[in-house]
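Below you'll find the structure, written out as structure tokens, and then a few comments.
The values are calculated or read from the model by the stated rules, or taken from the named source; none is laboratory data. Keep in mind it's a predicted model, so treat the numbers as computed, not measured. Counting neighbours? That spans all protein chains shown, and the Cβs are built from the backbone with ideal geometry, glycine included. Side chains included, ligands, DNA and RNA excluded: accessible areas come from the protein's heavy atoms. Shrake-Rupley method; radii C 1.70, N 1.55, O 1.52, S 1.80 Å.
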Amino acid sequence: MNIHSPSLRSGPDERGHFGQFGGRYVAETLMPLILDLETHYRAAQADPAFEAEFDDLLKNYVGRPSPLYFAESLTRHLAKLAADAGQPGNGAKIYLKRDELNHTGAHKINNCIGQILLAKRMGKTRIIAETGAGQHGVATATVAARFGLPCVIYMGSRDIERQAPNVFRMKLLGAEVRAVESGSKTLKDAMNEALRDWVTNVHDTFYIIGTAAGPHPYPELVRNFQSVIGREARAQILEAEGRLPDVLVAAIGGGSNAIGLFHPFLDDADVRMVGVEAAGHGLATGEHAASLIGGSPGVLHGNKTMLLQDDDGQITEAHSISAGLDYPGIGPEHAWLHAIGRVDYQSATDDDAMEAFKLLCKVEGIIPALEPAHAMAAVMRMAPAMAADRLIIANMCGRGDKDIFTVANVLGVKL
Amino acid sequence: MKADRLSARFAACAAQDRAALVTFVTAGDPEPAISAEILAALVANGADIVELGMPFTDPMADGPAIQAGNLRSLAGGTKLRDVLAMVSEFRRSDNVTPLILMGYFNPILHYGPARFAADAAAAGLDGTIVVDLPPEEAAELTPSLGEHGLHLIRLATPTTDAARLPQVLDGASGFLYYVAVAGVTGANAATASDVAAAVARLKQSTKLPIAVGFGVRTPEQAAAIARHADAVVVGSAIVDTIGNAATDRANDIPARVGALVAGLAMAVRSARHSKDKAA
């Protein structure tokens, strides 16, 4: 086993930078809050009681650990494709990390549990969050209900339209969902509006950011809360196979499920990692959400990262069939891992994701969310080209119940 | 050594025992040609210092009025180089009124901080306010600004406590912009007593003039602040006037803005001299 030296797991630095990315690019009004959050987070990290409460809630409320499931039927299907294409003996063994089985149906709840405990520790009495697909909004509304705190969720009006079931869920859970009409009316604009709320309600409000992005310390703390995915997967694959996997695969929007899976493996030089961005209608069309492959460095939402922007530094609109990937930026740690080449970032189009979505339904009886369907599209591409003794772990970070209306629409079915 | 228009203007206002009126508009709002006329109208009607907004798609610290102004400007195709061209054009006829650019870091970063500072200085700019560039991240821009004699105007807010203030002041120049309320631009106004206390507190730590803004919309509010601060900043009320007039397809937008600014200027100029100072 080759170990990376120096460690790739020690970031960010004390100023919140991952290489040239990250940092704290916020209005002065928010700076003291960000610094205060960091102080409280450091204290929580050093407090065994905080970790114990986090672990207990993950186990008994979220339902962790999530299974690491050997997708035998999918593996067999892709091996047959390889054989049919004249490459018998190919078809890597595919494991799925089943975070879609979590309470609320996605990985988002892991981070929300951590942040609501921080909010409670800091004496905050009001919760706000942004959401794209609605999974983070549902997870935030869930923990706010569980801890008895009022909660406002900002959501682009376009996303409200395409994610109606999640909007209803949030309301059932007692959250107020505020439609954001500005800009592209999607996740980016919801985040702007949440930041505006926070800067206005500085004394009582905790902002639960849903992905590993935003001003330091958010990228770090979200990553740490989500790293439970990778820690479990590591132990589970060692138990099942007696060795580490060859490849990890995860979809990337802001990148929290991916960094959660990847981070515990970053120093294992023999473990390859593939992050899959949303290529929308195709990278060449310009209508995509691939900020690493199709973007350039810039500053938005409190951090320096890779962004979709025009030649004047104006942010351009992202496109993806998946509302959860429809964001013109990405977490700063991914921007850094991309820059140093540790993670291989690929992309999958809307069509690729739909094919993977249908295949997983058909051969595994699992309806994936459209986000991990992008990861599965990459798995479908790579597994037939790999030997049968190779191991892939793909992050099944959410279930597809929320997406059935979008999918029905694509398939021309009226529900 | 080039003339420092900002300190000259603050000195002139102080000599008259009055606050300066700082007016904000977004460059290119509602469209480029009218925007230049609006700029002239601001000064003609009593603005002492002009803050020109560099439009950005995602103005996170701004309320609805200035967000809309940004989008109107961008819809008209305004680029950062156009904003700098507006500064040059303004300087052709006015070499005394201080002109400040205010905006977000990403367009500057994309333009290149060194190139931005060089071009802005050549255009006749006096300083810049970058809303999302706190002292912790400012090193990417400050050396270039310093090299070209441009002021870096810093923001202090109600959340900037005594422990943090020295960091905000370190490297600040031109004036200190006190954001009177925690919130976005154009929201609620602070009370005069809160502003007075804040200005007094800041004055203990800096010799820089203190400008107070956020939520100042009416001549009455401007006068109340002008009694305590070295400058009063009005933005959203002006941008709202531009927005409403643009919606009405009015052909007298600069005149409407001028009328608003004239009222503000009169209030600011008479604030410390009126008989009912306690009002």
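Return yes when A:ALA339 is away from chain B (no Cβ under 14 Å), among the aliphatic types (A, V, I, L, M) and open to solvent by 10 Å² or more (accessible area, probe 1.4 Å) and no when it is not.
yes
Name the single residue that is nearest to B:VAL168 (Cα to Cα) among those in segment A:1-18 being more than 9 Å from chain B (Cβ to nearest Cβ) and surrounded by 17 or more Cβ atoms within 10 Å (Cβ to Cβ). Please lay out each step first, then the result.
Step one: of segment A:1-18, the residues more than 9 Å from chain B (Cβ to nearest Cβ) are A:1-14, A:17-18.
Within this subset, residues satisfying the condition of being surrounded by 17 or more Cβ atoms within 10 Å (Cβ to Cβ) are A:8, A:11-12, A:17-18.
Values: A:LEU8: 33, A:GLY11: 26, A:PRO12: 24, A:HIS17: 20, A:PHE18: 24 Å.
Within segment A:1-18, the match that is nearest to B:VAL168 (Cα to Cα) is A:HIS17.
In segment A:262-285, what residues are under 21 Å from A:ALA323 (Cβ atoms) and under 20 Å from the mean Cα position of the chain (by Cα)?
Listed by number, the residues that qualify are A:GLY275, A:VAL276, A:GLU277, A:ALA278, A:ALA279, A:GLY280.
Being hydrophobic (A, V, I, L, M, F, W, C), farther than 30 Å from B:LEU133 by Cα and surrounded by 12 or more Cβ atoms within 10 Å (Cβ to Cβ) is true for just one of A:ALA71, A:ALA52, A:ALA27. Which residue is that?
Details: A:ALA52 fails: surrounded by 12 or more Cβ atoms within 10 Å (Cβ to Cβ); A:ALA27 fails: farther than 30 Å from B:LEU133 by Cα.
Only one candidate qualifies: A:ALA71.
Here is a list of conditions, (1) buried (at least 17 other Cβ atoms within 10 Å of the Cβ); (2) at pLDDT below 95; (3) among the aliphatic types (A, V, I, L, M), and A:LEU415 meets all of them except one; can you say which number that is?
(1)
Out of the residues in segment A:289-307 that are open to solvent by less than 10 Å² (accessible area, probe 1.4 Å), in contact with a Ser or Thr (Cβ under 8 Å, 6 or more places away or on another chain) and in a loop (DSSP other than H, G, I, E, B), state the one that is nearest to the other protein chains (Cβ to nearest Cβ).
Among those residues, the one meeting the criterion is A:SER291.
Look at B:PRO30 and say whether it is closer than 17 Å to B:GLY243 by Cβ, within 12 Å of another protein chain (Cβ to nearest Cβ) and in contact (Cβ under 8 Å) with a residue 24 or more places away in the chain.
So B:PRO30 fails the test.
For segment A:234-251, what are the residues that are open to solvent by less than 10 Å² (accessible area, probe 1.4 Å) and either touching a helix residue (DSSP H, G or I) at 6+ places or on another chain (Cβ under 6 Å) or without any contact (Cβ under 8 Å) to a residue 60 or more places away in the chain (or both)?
A:PRO245, A:LEU248, A:VAL249, A:ALA250, A:ALA251
So which residues in segment B:7-30 are buried (at least 22 other Cβ atoms within 10 Å of the Cβ) and under 12 Å from B:LEU99 (Cβ atoms)?
Once the filter is applied, which keeps residues that are buried (at least 22 other Cβ atoms within 10 Å of the Cβ) and under 12 Å from B:LEU99 (Cβ atoms), segment B:7-30 yields B:VAL22, B:THR23, B:PHE24, B:VAL25, B:ALA27.
When you scan segment A:24-39, do you find a residue that is in the same structural domain as A:PRO219 (by TED's automatic domain parsing), assigned to a strand (DSSP E or B) and either touching an Asp or Glu at 6+ places or on another chain (Cβ under 6 Å) or not aliphatic (A, V, I, L, M) (or both), even just one?
yes
Going by the conditions given, is B:ILE210 in contact (Cβ under 8 Å) with a residue 12 or more places away in the chain, away from chain A (no Cβ under 14 Å) and either closer than 23 Å to B:ASP132 by Cα or buried (at least 19 other Cβ atoms within 10 Å of the Cβ) (or both)?
Yes; evaluated as a whole, the condition is true for this residue.
Take the residues in segment A:321-336 that are part of a helix (DSSP H, G or I) and under 19 Å from A:LEU8 (Cα atoms); name whichever of them is farthest from the chain's Cα centre (by Cα).
A:TRP336
Quick one: A:GLY183 ticks every box in (1) at pLDDT 95 or above; (2) more than 18 Å from the chain's Cα centre (by Cα) except a single one, so which number is it?
(1)
Residues that are among the basic types (Lys, Arg), more than 20 Å from A:GLY253 (Cβ to Cβ) and open to solvent by less than 20 Å² (accessible area, probe 1.4 Å): list the helices (runs of 4 or more DSSP H) wholly contained in segment A:119-221 that include at least 1 such residues.
Filter on segment A:119-221 gives A:187-200.
Condition test on A:ALA323, is it away from chain B (no Cβ under 14 Å) and either at pLDDT 95 or above or open to solvent by 20 Å² or more (accessible area, probe 1.4 Å) (or both)?
So A:ALA323 does not fit the description; no.
Among the helices (runs of 4 or more DSSP H) contained in segment B:84-203, which hold 3 or more residues that are under 21 Å from B:VAL232 (Cβ atoms) and more than 13 Å from every other protein chain (Cβ to nearest Cβ)?
B:192-203
Of everything in segment B:34-77 that's open to solvent by less than 10 Å² (accessible area, probe 1.4 Å) and of a type in the set (Ser, Thr, Tyr), which residue is nearest to the chain's Cα centre (by Cα)?
B:SER35
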